[in-house]
Amino acid sequence: LNIKNADLIQEFASLQVGAADVVISNPPYIRDDALPEDARARLVSFLGEYSQGRTNLYQAFLKAAIDLLSPGGYGLFVVPHDFLLNKSAEPLRRYLAERCWITCIVDLTSIPVFENLGTYVILLIFQRKNLHQLPEKAIIAKCGDLVGQALQNILEGKEEENSFFQVYSVDQKSFERREWHLLSSSESALDLKMAGLPRLEDFLLIREGFITGADKIFIIDSKDIPKGDETLFVPYLADRSMQGWSVPRKTNLSVFYPFKNGLLM
């Protein structure tokens, strides 16, 4: 194997565009604000018009793969789930949909793929468009468990829905939207019906959950809070511990939160 260790962005100009049959990547997930100033500038320059808002280093790998693939070539990626919905990734989603067919997306947000990281991921497979090939439907899989069986179903072209996973197909037009929601045909019908109703944000203030950046450091068992530091921690309810239509009365976890009335203590 001809193995080369190099910086993708710096070496991209020496690579042959449109010559790769397959690009496989589990790229680094690093937000631009965590990069050194020169690396951040190179990332934004490399993405060009497809850079929007807070970019992420994995987007450079995805953009490079699209450009490197030959017609009919495949890209196989492990990327964060927020690529499907994040506003900063919208230009890149559009770039991908214009030049490639989405072959398969496997939603692994319920599976701790990277055990020590709080990153939810998807498997993304796409094929560079070929003028002599008609578009095929994309295979979507949502996995809560039995990932191996779900992947086997994908290989066999077998659609199935059970309490562990869903495997179904969607039209390529699904990826013409600004956000890529992985909806089955029944969910799409419900989504269309709900679209005509008032939105929850019309009545309530919607807030997103927080990201600690290092769960193993900032989230601890409540019984392990150092004596005298109780005011620096608040009860923590993990998303995977949430229940439908109710909130548990107690949680065994606490998160470091040194704020009171919005001010640092």
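The values are calculated or read from the model by the stated rules, or taken from the named source; none is laboratory data. What you see is a predicted model, and the numbers here were worked out from it, not measured in a lab. Note that each Cβ is placed from the backbone with ideal geometry, even for glycine, and that neighbours are counted across all protein chains shown. Side chains are part of the model used for accessible areas, which takes the heavy atoms of the whole protein and leaves out ligands, DNA and RNA. Shrake-Rupley method; radii C 1.70, N 1.55, O 1.52, S 1.80 Å.
Tabulated results
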read-out: Label point at residue 99 placed 7 Å out along Cα→Cβ; residues across segment 15-31 whose backbone nitrogen lies under 11 Å; value: 17-19
read-out: Heavy-atom accessible surface of the chain: percent carbon and sulfur, 1.4 Å; value: 55
read-out: Estimated 222 nm signal from helices in the chain, with DSSP H stretches of n ≥ 4 weighted -39500 (n - 2.57), rounded to 500; value: -6500 deg cm²/dmol
read-out: Fully extended contour minus Cα-Cα distance, from residue 145 to residue 261, at 0.36 nm per residue; value: 37.7 nm
read-out: Accessible surface, segment 1-133, averaged per residue in Å² (probe 1.4 Å); value: 53
read-out: Mean Cβ neighbour count within 10 Å, used as a protection proxy, ranking 39-47, 169-177 highest first; value: 39-47, 169-177
read-out: Efficiency of FRET from Cβ geometry, residue 163 and residue 130, R₀ 35 Å, rounded to 0.05; value: 0.35
read-out: Relative contact order [Cα under 8 Å, 6+ residues apart], segment 115-265, whole percent; value: 17
read-out: Computed E for residue 247/residue 70 - FRET, C-beta separation, R0 45 angstrom, nearest 0.05; value: 0.30
read-out: For the chain, built as a Gaussian network whose Cα springs stay under 10 Å, the top-fluctuating residue of 200, 96, 69; value: 200
read-out: Test item: Cα-centred dipole of segment 1-104, Lys/Arg +1 and Asp/Glu -1 on Cβ, debye; value: 180
read-out: Percentage relative contact order, the chain, counting C-alpha pairs under 8 Å, at least six apart; value: 13
read-out: Computed label-point distance, nm, for sites residue 216 and residue 114 using a 7 Å Cα→Cβ extension; value: 1.3
read-out: Residue-normalised accessible area of segment 199-265, given per residue in Å² at a 1.4 Å probe; value: 93
